[in-house]
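Computed from the coordinates by the stated procedures, all read-outs in this text should not be read as laboratory data. Since the structure is predicted, the reported quantities are computational estimates derived from the model, not experimental observations. Cβ atoms come from the backbone with ideal geometry, glycine included; neighbour counts cover every protein chain shown.
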Amino acid sequence: MTTLTTTRQALIDLAAVDHNVRHIAATTGVPVIAVVKANGYGHGAFAVAETAVAAGAARIGVATIDEAVYLRQQGLRAPLMAWLHGPSQRFDQVIDLDIEVGVSSFEQLQSVAEASRNRAAGATPTGIHLKLDTGLSRNGIAPADWERAFAETARLVDAGHLRIIGIFTHLSGTSVNDDTQQLHRMLDACALAESLGLHPKIRHIAATAAALSLPEARLDAVRIGIGLYGLSPFDDYTSADLGLRPAMTLRAQVAAVRRVPAGAGISYGFDYRTDRETTLALIPLGYADGVPRQASGRGPVTINGRTFTVAGRIAMDQFVVDVGEHTVAVGDTATLFGDPARGVPSATDWADAAGTINYEIVTRIGARVPRVIGGDH
Ligand SMILES: *Cc1c(COP(=O)(O)O)cnc(C)c1O
């Protein structure tokens, strides 16, 4: 076990990201849109995006235009799309940076077209992907507006104000039946678009779960988020079952070790009391770092090859582990989660302990935790 060079860190294994992109591309057989919104699900958006592109991803996807602008400013040159915008969003910035816009309403279509129409002479019209609501009842153009939006888009494309790149939608993942119904609505919508003179190059619907489990939903591209990071979107399949490698390892140096008598109360509210003389290890990670307080008394931590459980409440900056008579020293590495193939807990174990999903565990890792790039475990 190497000694950490920082008090706490999220070790980001870009070789795992590279593997996951190649594995999913090979499994699905269609181009991958690598989703790096929310700082790459906490892993670092730019490093993940660059790795994904080098591994063959065709396009990068983020939620907001600010996220896309950041990636361009860092130097990302691959095709890049952003799909969630508030009513005050301005679209002038996307032109020079060649950011493709996911368009979710007739009003957005007009705002994007207006900005693109006013672009500098010689600049390329903004590329768009029309986002349809096929049943998730969230973001996307409502079915009642499809015909009008398609016709207007075709007109704007013919007039040279916009380029149409894609049509897409997002699944609920409720059941194969529900997802298949959405797929059929999507295919009908694409036929309607074609009949109105609109010819998108790529139709995309599947995120990681459908990309891996519903082959007919792969269409012309798959939008892969959680799978990039090596985590499973399914309750009943692990990363290893899917051939994926978790990319983030969250760990810290044991900051203090203390011998206490039986009956010692631990952390706020004394939810945990020692039932014998024992040794406590202090781990300098707390809910400010994204360690969920809901996992108090339940979250697993591996130290020196042995897995313990958080004792008492997780505080803002720290928590305690009761290590009994096991040898633990200040400076030893405590691993909260990583690749279970290496004998440590998984992000999913923490999700289970906190009553949430692995997506939330990695995405919420706080800004105070340095992301350290490397595969050196
Ligand atoms: C976040 C997101 C994805 C990625 O989903 P995963 O389940 O993480 O693969 C794909 N498409 C859209 C529209 C999203 O918002």
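Of the residues Met316, Met186, Met248, the one that moves most in a GNM of the chain with alpha-carbon contacts below 10 Å is Met316.
For the chain, a simple Cβ point-charge model (Lys and Arg +1, Asp and Glu -1, everything else neutral) yields a dipole of about 660 debye relative to the Cα centre. Protection proxy ranking for 117-124, 368-375, 352-359, 46-53, using the average of other Cβ atoms within 10 Å per residue and placing the highest first: 46-53, 352-359, 368-375, 117-124.
Between the range 147-187 and the range 245-297, the alpha-carbon centres lie 49 Å apart. Taking the Cβ of Arg298 as the centre, find all other residues whose Cβ is under 15 Å away and add up their charges (Lys, Arg: +1; Asp, Glu: -1). Surrounding charge for Arg298 is -2.
Could you list the square roots of 5 times each eigenvalue of the Cα gyration tensor of the range 72-141, that is, the equivalent ellipsoid semi-axes, sorted largest first and rounded to whole Å? All intermediate terms of the calculation are to be shown ahead of the outcome.
Working: eigenvalues 95, 43, 19 Å².
In descending order the semi-axes read 22, 15, 10 Å.
Other residues whose C-beta falls under 12 angstrom from the C-beta of Asp235 contribute a net charge of -3, scoring Lys and Arg +1 and Asp and Glu -1. Neighbours of Ile24 by Cβ distance under 12 Å: Lys/Arg scored +1, Asp/Glu scored -1, total +3.
For the range 1-153, the Cβ-based charge dipole about the Cα centre amounts to some 260 debye (Lys, Arg positive; Asp, Glu negative; other atoms uncharged). The calculated FRET efficiency for the pair Leu84 and Arg306, based on their C-beta separation and a Förster distance of 41 Å, comes to about 0.40. Here the simple spin-label model places points 7 Å from the Cα toward Cβ, and for Leu192 and Asp66 these points are separated by 3.4 nm. Highest mean first, the peptides 70-81, 96-107 sorted by other C-beta atoms within 10 Å per residue fall in the order 96-107, 70-81.
Normalised by the number of residues in the range 59-220, the mean separation of alpha-carbon contacts (under 8 Å, six or more apart) gives a relative contact order of 17 percent. Between the alpha-carbon centres of the range 10-37 and the range 69-98 there is a gap of 22 Å. Both radii were evaluated on the Cα set of the range 4-155; the Rg over Rh quotient, with Rh as the Kirkwood radius, amounts to 1.02.
I want the antiparallel fraction of DSSP beta bridges within the chain, as a percent rounded to 5. Beta bridges within the chain, antiparallel portion: roughly 50 percent.
Using alpha carbons only, the radius of gyration of the range 59-220 set against its Kirkwood radius gives Rg/Rh = 0.96. Note on Arg342 and Ala256: the extension gain reaches 28.5 nm, defined as 0.36 nm multiplied by sequence separation minus the Cα-Cα distance. Relative contact order of the range 248-373, taken over Cα pairs closer than 8 Å and 6 or more residues apart, is 28 percent. Spin-label pair Asp236-Phe270: with each label point 7 Å from Cα along the Cα-Cβ axis, the two points sit 4.6 nm from one another.
Between Phe106 and Ser213, what FRET efficiency comes out of the Förster formula 1/(1 + (r/R0)^6) with R0 = 41 Å and r the beta carbon distance, rounded to 0.05? Calculated transfer efficiency: 0.80. Extension gain for the segment Gln73 to Ala123, taken as residue separation times 0.36 nm less the Cα-Cα distance, is 16.1 nm to one decimal.
How long are the semi-axes of the ellipsoid equivalent to the chain, from square roots of 5 times the Cα gyration tensor eigenvalues, in whole Å, largest first? All intermediate terms of the calculation are to be shown ahead of the outcome.
On the way: eigenvalues 413, 81, 64 Å².
For the chain, the ellipsoid semi-axes come out as 45, 20, 18 Å.
A simple spin-label model places pseudo-atoms 7 Å from Cα toward Cβ; at Ser172 and Thr7 they are separated by 4.6 nm.
The relative contact order of the range 50-129, computed from alpha carbon pairs under 8 Å that lie at least 6 residues apart in sequence, is 26 percent.
Over the range 289-357, the pair-distance histogram of Cα-Cα distances with 10 Å bins from zero comes to 21, 55, 23, 1 percent, rounded to whole numbers. Per-residue packing, averaged as other Cβ atoms within 10 Å, sorts the ranges 193-201, 259-267, 7-15 into the order 7-15, 193-201, 259-267, beginning with the highest.
Each 10 Å bin from 0 upward holds the following percent of the Cα-Cα pairs of the range 209-351: 11, 37, 28, 15, 7, 3, 0.
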